[in-house]
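The values are calculated or read from the model by the stated rules, or taken from the named source; none is laboratory data. Here the structure is a predicted model, which is why all the values come from computation and not from measurement. With ideal geometry, Cβ positions are generated from the backbone for all residues, glycine too; neighbour counts draw on all protein chains shown. Keep in mind that these areas ignore ligands, DNA and RNA; they rest on the heavy atoms of the full protein, side chains included. Shrake-Rupley method; radii C 1.70, N 1.55, O 1.52, S 1.80 Å.
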Amino acid sequence: MRMLAFALLMALTPAPAAPELVALGDSYAAGTGAGDEAIDDCRRSPHAYPRLWAQRNGASLVMSACAGADTAAVARQAERITPSTTLVTITAGGNDAGFRDVMTTCTTGDDDECVSRVGAAERFIRDQLPGRLDALYGAVRGRTSAEVVVLGYPRLFSFESWCLMSGKKREAVNRAADVLTEVIGKRARAAGFEFADVRKAFDGHGACSDEPWVNGLVLIPVDRSYHPNRAGHESGYLPALTAAAR
């Protein structure tokens, strides 16, 4: 009788729902630079960290991240969050700070031009980006009580090998990455979100290292330039997300 009752109870108990990850963000979340990207505006890769996490955790994935998205666009991506969502990931803020223009200036300009453009980006990050991040994070929290993990950006450059970028340029860009990550982390924690700082994971693996996890200048397609490659997503971003997600 007890076995029958147990069998009936198990039959009536619904199976636990599979986790659902909604991935929000820009090209770093979409996986641009990791290879095999879709030939469209969003440039999503099957090797992007959200897809890798979903595969390893048996989760369904709603991939909303899109290349070129700023925080306002990412807030609109949040419309794809549903009551079934169990985890939201976000990487955003670099495009608001003019990431593409900074890297173009530092690639084609001299040291002084690069440092000046980086300085302007840093001022924007400190003065204006916090309000934009608060608006984004508020839009996400307004749609869900699920866990939210915000992932930052790596320092782009190492100094082990010869590099197209001068040391002065690399130092300036890395400094801006630090400012960006620190602002994002502070606002994410203020919103009650988990924050995954990937800088330590990428140490020694920036562009111009002996084992780079970040692409240097790529001519075809150029949008892969200065983005994490496949190893960066697998060995940098994925472990950081795994450690941060409960």
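Along the axis of the charge dipole computed for the chain (Cβ charges of +1 for Lys and Arg, -1 for Asp and Glu, origin at the Cα centre), the listed residues C208, P221, G131 are led at the positive end by G131. In percent, what relative contact order does the chain have, based on Cα pairs under 8 Å that are 6 or more apart in sequence? This gives 21 percent for the chain. Divided by 2.2 N^0.38 Å, where N counts the residues, the Cα radius of gyration of the stretch 201-246 comes to 1.24.
Note on L164: accessible area is roughly 100 Å² with a 1.4 Å probe, heavy atoms of protein only. Expressed in units of 2.2 N^0.38 Å, where N is the residue count, the Cα radius of gyration of the stretch 122-231 is 1.20. Apply the a/c threshold of 1.5 to the C-alpha gyration tensor of the stretch 33-84 and tell me whether it is rounded, prolate or oblate. Oblate, since a/c reaches 1.5 and b/c is not below a/b.
Could you order K169, K200, K186 so the one with the most accessible surface comes first? Probe is 1.4 Å.
Working: K169 20, K200 170, K186 135 Å².
In descending accessible area the options line up as K200, K186, K169.
Computed extension length for D110-A190: 25.0 nm, one decimal, from 0.36 nm per residue of separation with the Cα-Cα distance subtracted.
Ordering T144, T107, T242 by how much accessible area each has at a 1.4 Å probe, largest first, what is the list?
Working: T144 20, T107 45, T242 75 Å².
So the residues, ranked largest to smallest area, are T242, T107, T144.
Solvent exposure of the stretch 137-246 amounts to 44 Å² per residue of accessible area, where only protein heavy atoms count and the probe is 1.4 Å. Hey, how many Å between the Cα centroid of the stretch 204-246 and the Cα centroid of the stretch 109-181? The two parts, judged by their Cα centres, are 15 Å apart. Relative to its Kirkwood radius, the Cα radius of gyration of the stretch 99-187 gives an Rg/Rh of 1.07.
For the residues A48, A23, A73, a GNM of the chain with alpha-carbon springs under 10 Å puts the largest fluctuation on A73.
Go ahead and estimate [θ] at 222 nm for the chain from helices alone: -39,500 (n - 2.57) per DSSP H run with n ≥ 4, summed, over the residue count, rounded to 500.
On the way: 10 runs with 105 residues, N = 246.
For the chain, the value works out to -12500 deg cm²/dmol.
For the chain, taking Cα atoms only, Rg and Dmax work out to 19.7, 83 Å respectively.
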